[in-house]
Each structure stands twice: as C-alpha cells, then as structure tokens.
Amino acid sequence: MANIETGQLIYLVLLLLMVAGWFFMQNRQSMNKTLQQLAVWGMIFVGVAAGYGLWGDIRRSTNMSQQTYQSGTGSVTIPRARDGHYYLTARINEKPVRFVVDTGATDMVLTQEDAEMIGLDPDNLNYLGRAGTANGEVRTAFVRLNEVQLGEVRDFDVPAVVNGGQMSQSLLGMGYLQRWGRIEIAGGELILTR
C-alpha cells in the first residue's frame, strides 16, 4: 500500500467516514446493530485494501508459473503478460534467470546482478562495447555463457553481454532468439520452436 497517494488515502478515509456517519444516523436507537454493521464494513474495507496491496504480487507469481514447455517437441510457449511483454525463465549455468523477450535487442543482455548470480564477476569484466538504449549509451562487456537451457533445449558457448549500467531486467535479444527455428506470436502467446 506504499503506492497509494495521499489524495487517494484522504478520499478513502472520507468515504469511510461518510458511510459510518450514515449508519449512525440511521440506527441511533440500536447502537449495537450499528456497531456490528460498522465492524462488517471495516472488515470489508481492510480486505479490499489488502487485496489491492497484494494484487501485484499475486499477478507476478501467476505470470511466472505460466511458461510451458512441450516435452519432446523442443517448443516453448510464453503467455503475454498484462503489461504486453513476454517474460521467461531460462537456466544459465544451472541458475534460473528471468528475462523479458526483446526483439529490439541485438544480444542477450544480462544485468550485473544476474551476471553475478550465474558466476561471473561484473567488477572484473572489460566493458569495451557500447550499446544505444532508450536511456542513452551504456558500456557493455562481451561474455560467453557455458550453458543456456530453455525447456528441454540446451545451447552451449552462447555469446551474451553484461550491461555496465543499471538495468531492471535481463533481456533476451535476437542473438539468442535466432537459434530457434521458428518464432511465432499468436493468440497472446509467444511460441519458440526448434
């Protein structure tokens, strides 16, 4: 609920006070009944506020579990997230890394945090490359990944870059996507097939 602005909070409190005031005015003779109704409305209000606050976590955990692999076919189906992007989890050097599929990115781009998680030392990489992003130019370090696994498909010695700047999510760009024989977007799903 940290995202709720002050104006929204004031509006909700005033709305609650108006509803409570109406109940008191309607039921002045039976105060016990009024207090019971007030307690019920208070619980409803708290439940709605908790649901609103937790909705982002619920949606995120639901989207993460929807990636499917079709056994024996070399096919991966990724549903479109509510924000319009496609997210998937690949295993790099046996570690799960969450990616956003970005057909506008030339390479597979790792955040410094993800690079460190898979066993690279971002502080000792040579950031000799440059990449143009929506936030301007950033420095990049070329790396080779021992193993990338997506579903049942494994690739070895995969080229990638580590972003020298701040980045919230690793990107799965065309350098890796081109390894798949077929890339299809249909019915709100991204389907990769070998």
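What to note about this one:
- Rg/Rh (Cα only; Kirkwood hydrodynamic radius) as it applies to the stretch 68-193: 0.96
- Among Asp107, Asp157, a tally of other beta-carbon atoms within 10 Å of each Cβ gives an order, fewest to most, of Asp157, Asp107.
- C-alpha long axis of helix 6-26 to longest principal axis of the chain, angle in °: 30
- Most positive-pole-ward Cα, Tyr127, Met117, Ala20, against dipole of the chain from beta carbon charges: Ala20
- Longest DSSP-loop-exposure-free segment, GluC sites (Glu not before Pro), the chain, at most 12 other Cβ within 10 Å: 95-194
- Degrees separating the helix 31-64 axis from the principal Cα axis of the chain, which is the longest one: 10
Computed from the coordinates by the stated procedures, all read-outs in this text should not be read as laboratory data. Here the structure is a predicted model, which is why all the values come from computation and not from measurement. A quick note on method: Cβ atoms are made from the backbone with ideal geometry, for glycine too, and the neighbour counts reach across all protein chains shown.
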